[in-house]
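The values are calculated or read from the model by the stated rules, or taken from the named source; none is laboratory data. All of these numbers come straight from a predicted model, not from anything done at the bench. Note that we place each Cβ from the backbone using ideal geometry, even for glycine, and neighbour counts take in every protein chain shown. Calculation scope for accessible area: heavy atoms of the full protein, side chains included, ligands and nucleic acids excluded. Shrake-Rupley method; radii C 1.70, N 1.55, O 1.52, S 1.80 Å.
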Amino acid sequence: MKSFTVLQGLAAPMDRANVDTDLIIPKQFLKSIKRSGFGPNLFDELRYLDEGQPGQDCGTRPLNRDFPLNYPRYQGASILLARENFGCGSSREHAPWALEDYGFRCIIAPSYADIFYNNCFKNGVLPIVLDAQLVDTLFEAMYASEGYQLTVDLERQVVVTPDGKEHTFEVDAFRKHCLLNGLDDIGLTLESADAIRAYESKWRQQSPWLFDVIK
Amino acid sequence: MGGKTLYDKLWQNHLVDERDDGSALIYIDRQLIHEVTSPQAFEGLRLAGREPWRRDANLAVPDHNVPTEVRERRGGVAAIADPVSRLQVQTLDDNCRDFDIVEIEINDTRQGIVHVVGPEQGATLPGMTVVCGDSHTSTHGALGALAHGIGTSEVEHALATQCLVQVKMKNMLVRIDGELQKGVTAKDVALAVIGEIGTAGGTGYAIEFGGEAVRNMSMEGRMTLCNMSIEAGARMGMVAVDDTTLEYVKGRPYAPAGDMWEQAVAAWRDLHSDDDAVFDRELELRGEDIKPQVTWGTSPEMVLPVDGVVPDPAGMENESRRAATERALEYMGLSAGMSITDIRPDRVFIGSCTNSRIEDLRAAAEVVKGRHVADSIKQALVVPGSGEVKQQAEVEGLDKVFIDAGMEWREPGCSMCLAMNADKLGPGEHCASTSNRNFEGRQGFGGRTHLVSPAMAAAAAVAGHFVDVRDW
């Protein structure tokens with residue numbers, strides 16, 4: 001996993017509430033057996049005017065010019081400003097894969113769906129929760145000034161606006177640690193292998209019907 | 001100190017280690033695996049040179065991509081027409097063989113939607129922690145299990161370590177007291193709850209469903225209810241163990257038998273919230289007040305009783321809500337003030353992990369028996385949740401009822417719930433669907449989904465528009 005320390009980047013809008021993971025990456029692209037290459041199909045049904053198919057060359061597809069991510073001013077954005085309950089619905093990790101592959105390393109929204117929020121951290125993407133009013137202010141400032149850049153400092157847990165104002169955000173200590181260091185959390189869990197074995201042997205005695213049945 | 005909730009007990013029973021930062025290592029008893037969210041997890045194991053921690057904790061079954069059309073299905077994996085789907089199902093077969101994981105293959109009678117198969121085979125049991133790379137894993141909470149969906153990284157994590165790093169959720173109780181009206185089902189209860197608290201209302205919570213109406217529900221009904229807790233934002237929904245649970249589990253292929261059964265039952269009897277348990281949030285609905293529900297928009301919270309009218313955004317003060325309503329009406333091709341009963345579906349879909357169990361098919365069959373699908377309906381699909389559901393339905397003659405009514409009787413799979421196989425809506429088409437999500441494009445590019453119960457879908461198929469099944 002890529003580490004996340006300080007990110008300075010262009011912000012782009014996804015200005016609607018309850019953006020579901022079907023909208024982030026439609027189901028036909030879930031047929032891939034790979035982890036990469038989802039970026040061209042991020043928000044596929046909004047970005048293009050036709051129906052996308054897996055394996056298609058997106059360079060030749062008709063673009064929806066009314067969709068903000070297609071505006072020249074948002075090209076190269078790495079921070080996505082979003083609204084309430086972002087990432088609701090399906091547990092597909094293809095959603096953060098698509099966001100990351102497109103170039104988004106950070107999302108800022110008032111709230112997220114639980115599974116999506118968790119999935120982001122596994123993929124070097126930082127989902128930041130800020131107060132809804134503050135997110136509103138950021139949207140307005142971004143719309144008002146082309147090339148609107150934000151700085152996100154994970155170590156200090158602050159979002160810095162172009163005028164130098166700092167807004168703090170909360171992040172779970174373990175997730176922060178993994179993200180800062182780009183750590184593979186399977187390796188970390190396996191450091192507790194003895195504890196897992198001890199638990200397992202006790203649990204097997206208590207609930208033997210849960211073991212060796214499917215084989 | 002107050003007593004424990006069911007969720008507290010399940011959490012405590014599976015706690016391997018607690019960390020100073022508030023996270024915990026939770027042991028996973030069962031992982032269910034399907035073809036869509038597992039290939040990258042197996043690939044991750046391969047790249048890291050890791051093996052599954054405990055092979056017998058896993059059970060795999062293909063469901064999302066499998067064709068449901070009888071002829072295409074007959075040829076097994078090799079006959080799947082879409083090469084991308086075929087590769088994904090083939091990859092599941094290959095991975096299960098390489099990692100020695102038991103898989104119920106495409107044309108095994110036990111095959112079906114993973115959330116139908118798990119309980120049906122006794123592969124998911126009361127008191128378990130159950131995970132699957134699918135958000136509707138919440139279904140298994142109906143058995144008194146702690147069950148939730150995970151992403152692919154966690155599929156790999158659970159395969160490699162038999163654990164997940166978790167932060168404990170808050171407790172929410174949803175109590176449905178009183179009796180449900182005739183024709184009102186668990187699906188209507190689920191939609192009514194979502195209408196009440198919204199699709200983010202359960203975010204951060206584990207929901208326990210309780211109250212008289214839930215106690216009186218069959219296991220199929222409880223599964224429907226828990227299945228849709230994710231649509232209320234809660235990763236997990238659950239129902240306490242009672243005699244209904246035990247009767248359902250007893251005799252299932254992977255369930256304990258003999259002395260082991262008695263031992264298990266003794267442990268499972270404790271799987272309920274203590275009388276003095278404290279919930280962080282409680283919601284109460286009266287069963288009698290719940291009417292058959294129909295979604296009109298592009299989020300499950302955009303739902304109304306069947307006698308309602310499509311809302312008018314003009315009167316809405318909340319700007320974000322007004323914008324969402326306007327956009328939904330435009331996408332759905334509906335106008336404010338229109339009666340729900342004037343909406344005319346083009347297609348009907350009875351199936352999905354929400355509503356494809358035997359009880360669902362019986363309810364739909366009862367409605368269409370001796371009647372015929374309206375001429376305006378282009379297609380009415382009935383897709384049983386598993387091969388065993390299909391067999392049982394055929395024993396009861398339900399397949400004939402559907403076929404005589406002009407409906408299509410298919411092979412088991414996820415089908416038109418998410419249209420990863422050939423079953424999908426065309427642009428602009430309305431569908432009366434017993435599935436769980438009415439998101440834009442969910443059932444096909446430009447498709448318009450209306451979520452309803454099986455009886456309501458069947459009635460709409462016959463009438464050609466939504467009708468109140470209480471008057472049927």
Seminar exercise, completed: Scanning the range B:149-176 residue by residue, those at the interface with chain A (Cβ under 8 Å from one of its Cβ atoms), open to solvent by less than 10 Å² (accessible area, probe 1.4 Å) and outside any helix (DSSP H, G or I) turn out to be B:Gly149, B:Ile150, B:Gly151, B:Gln162, B:Cys163
Exercise. Does the range B:259-271 contain at least one residue that is surrounded by fewer than 17 Cβ atoms within 10 Å (Cβ to Cβ) and part of a loop (DSSP other than H, G, I, E, B)?
Worked result: yes
For this session: Determine the pairs where a residue that is more than 13 Å from chain B (Cβ to nearest Cβ) and over 19 Å from B:Pro83 (Cα atoms), located within the range A:41-67, has a partner that is open to solvent by 40 Å² or more (accessible area, probe 1.4 Å) and in a helix (DSSP H, G or I) with Cβ atoms under 7 Å apart, the partner being 6 or more residues away or on another chain.
Result: A:Leu42/A:Tyr102; A:Cys58/A:Pro40
For this session: Find the residue count for the range A:69-102, including only residues that are touching a residue at least 60 places away in the same chain (Cβ under 8 Å), in a loop (DSSP other than H, G, I, E, B) and surrounded by 15 or more Cβ atoms within 10 Å (Cβ to Cβ).
Result: 10
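Please specify each residue of the range A:51-68 satisfying the condition of being open to solvent by 40 Å² or more (accessible area, probe 1.4 Å) and part of a loop (DSSP other than H, G, I, E, B).
We begin by selecting, within the range A:51-68, every residue open to solvent by 40 Å² or more (accessible area, probe 1.4 Å); these are A:51, A:53-57, A:59-60, A:62-63, A:65-66.
Correct list: A:Glu51, A:Gln53, A:Pro54, A:Gly55, A:Gln56, A:Asp57, A:Pro62, A:Arg65, A:Asp66.
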Exercise. Among (1) at the interface with another protein chain (Cβ under 10 Å from one of its Cβ atoms); (2) in contact (Cβ under 8 Å) with a residue 12 or more places away in the chain; (3) touching a strand residue (DSSP E or B) at 6+ places or on another chain (Cβ under 8 Å), which single condition is B:His34 missing?
Worked result: (1)
Problem set entry | Output for the range B:221-240, where each listed residue is crowded, with 23+ Cβ neighbours inside 10 Å and more than 14 Å from chain A (Cβ to nearest Cβ) | B:Gly221, B:Arg222, B:Met223, B:Thr224, B:Leu225, B:Cys226, B:Met238, B:Val239
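Considering the range A:158-215 alone, what residues qualify as being among the aromatic types (Phe, Trp, Tyr) and at the interface with chain B (Cβ under 7 Å from one of its Cβ atoms)? Show your work before the answer.
Here is the first cut: in the range A:158-215, the residues among the aromatic types (Phe, Trp, Tyr) are A:169, A:174, A:199, A:203, A:209, A:211.
A:Phe174, A:Tyr199, A:Trp203, A:Trp209, A:Phe211, listed by residue number.
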Problem set entry | Residue count, the range B:71-95 (criterion: within 12 Å of chain A (Cβ to nearest Cβ) and either in a helix (DSSP H, G or I) or of a type outside the set (A, V, I, L, M, F, W, C) (or both)) | 13
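Would you mind stating whether B:Gly441 is within 12 Å of chain A (Cβ to nearest Cβ), without any contact (Cβ under 8 Å) to a residue 12 or more places away in the chain and either of a type in the set (Gly, Ala, Ser) or under 21 Å from B:Ser135 (Cβ atoms) (or both)? Before the answer, list the steps.
Working: within 12 Å of chain A (Cβ to nearest Cβ): yes; without any contact (Cβ under 8 Å) to a residue 12 or more places away in the chain: yes; either of a type in the set (Gly, Ala, Ser) or under 21 Å from B:Ser135 (Cβ atoms) (or both): yes.
Yes.
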Seminar exercise, completed: Just one listed residue, out of B:Asp17, B:Asp108, B:Asp98, is open to solvent by 10 Å² or more (accessible area, probe 1.4 Å), of a type in the set (Asp, Glu) and at the interface with another protein chain (Cβ under 10 Å from one of its Cβ atoms), and it is B:Asp17
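Take residues that are open to solvent by less than 80 Å² (accessible area, probe 1.4 Å) and touching a Phe, Trp or Tyr at 6+ places or on another chain (Cβ under 8 Å) and tell me which of the helices (runs of 4 or more DSSP H) falling wholly in the range A:141-215 contain 3 or more.
Numbers: elements: A:173-181, A:185-190, A:193-206.
Where helices (runs of 4 or more DSSP H) fall fully within the range A:141-215 and carry at least 3 residues being open to solvent by less than 80 Å² (accessible area, probe 1.4 Å) and touching a Phe, Trp or Tyr at 6+ places or on another chain (Cβ under 8 Å), they are A:173-181, A:193-206.
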Exercise. Any residue in the range B:389-401 that is part of a loop (DSSP other than H, G, I, E, B), touching a Gly at 6+ places or on another chain (Cβ under 9 Å), charged (D, E, K, R) and open to solvent by 50 Å² or more (accessible area, probe 1.4 Å)?
Worked result: no
For this session: Keeping to the range A:118-152, report how many residues are touching a residue at least 60 places away in the same chain (Cβ under 8 Å) and of a type outside the set (Val, Ile, Thr).
Result: 13
Seminar exercise, completed: Within the range B:274-333, of all residues that are within 14 Å of chain A (Cβ to nearest Cβ), assigned to a helix (DSSP H, G or I) and charged (D, E, K, R), the one nearest to A:Gln133 (Cα to Cα) is B:Glu319
Exercise. Would you pick out the residues in the range B:85-95 that are open to solvent by 50 Å² or more (accessible area, probe 1.4 Å) and either touching a Gly at 6+ places or on another chain (Cβ under 9 Å) or of a type in the set (S, T, N, Q) (or both)?
Worked result: B:Gln90
Exercise. Within the bounds of the range A:94-111, is there any residue that is on the phi < 0 side of the Ramachandran plot, touching a helix residue (DSSP H, G or I) at 6+ places or on another chain (Cβ under 7 Å) and among the polar types (S, T, N, Q)?
Worked result: no
Exercise. Any residue in the range A:2-24 that is open to solvent by 20 Å² or more (accessible area, probe 1.4 Å) and in a helix (DSSP H, G or I)?
Worked result: no
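Looking at the range B:241-252, can you tell me whether even one residue there is outside any loop (DSSP other than H, G, I, E, B), open to solvent by 70 Å² or more (accessible area, probe 1.4 Å) and farther than 27 Å from B:His465 by Cα? If you could, list the steps in order and put the result at the bottom.
Here is the first cut: in the range B:241-252, the residues outside any loop (DSSP other than H, G, I, E, B) are B:243-249.
Cutting the leftovers down to open to solvent by 70 Å² or more (accessible area, probe 1.4 Å) gives us B:243, B:247.
Add one more test, that the residue is farther than 27 Å from B:His465 by Cα, and what stays is B:243, B:247.
Checking the range B:241-252: at least one residue is outside any loop (DSSP other than H, G, I, E, B), open to solvent by 70 Å² or more (accessible area, probe 1.4 Å) and farther than 27 Å from B:His465 by Cα.
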For this session: Can you tell me which residue within the range A:24-40, out of those that are in contact with a Leu (Cβ under 9 Å, 6 or more places away or on another chain) and closer than 18 Å to A:Gly103 by Cβ, is farthest from the other protein chains (Cβ to nearest Cβ)?
Result: A:Gly39
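Is one or more of the residues making up the range B:403-415 in a helix (DSSP H, G or I) and surrounded by fewer than 24 Cβ atoms within 10 Å (Cβ to Cβ)?
Here is the first cut: in the range B:403-415, the residues in a helix (DSSP H, G or I) are B:403-404, B:415.
Now narrow it down to the ones that are surrounded by fewer than 24 Cβ atoms within 10 Å (Cβ to Cβ): B:403-404.
Yes, some residue in the range B:403-415 is in a helix (DSSP H, G or I) and surrounded by fewer than 24 Cβ atoms within 10 Å (Cβ to Cβ).
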For this session: Could you tell me which of the residues B:Val294, B:Val373, B:Val389, B:Val309 is touching a Phe, Trp or Tyr at 6+ places or on another chain (Cβ under 7 Å), modelled with pLDDT of 95 or more and within 23 Å of B:Ala461 (Cα to Cα)?
Result: B:Val294
For this session: Being more than 20 Å from A:Ile186 (Cα to Cα), of a type in the set (A, V, I, L, M, F, W, C) and either in contact (Cβ under 8 Å) with a residue 60 or more places away in the chain or out of contact with any helix residue (DSSP H, G or I) (no Cβ under 9 Å at 6 or more places or on another chain) (or both) is the filter here, so list the residues in the range B:52-74 that pass it.
Result: B:Leu59, B:Val66, B:Val70
Seminar exercise, completed: Counting only residues that are in a loop (DSSP other than H, G, I, E, B) and farther than 22 Å from B:Gln166 by Cα, the range A:111-140 contains a total of 2
For this session: Would you point out which residue out of B:Ser376, B:Ser435 is of a type outside the set (D, E, K, R), within 26 Å of B:Val189 (Cβ to Cβ) and assigned to a loop (DSSP other than H, G, I, E, B)?
Result: B:Ser435
Exercise. Within the range B:1-70, which strands (runs of 3 or more DSSP E) (wholly inside it) include 1 or more residues that are more than 25 Å from the chain's Cα centre (by Cα) and closer than 28 Å to B:Met238 by Cα?
Worked result: B:15-18, B:24-27
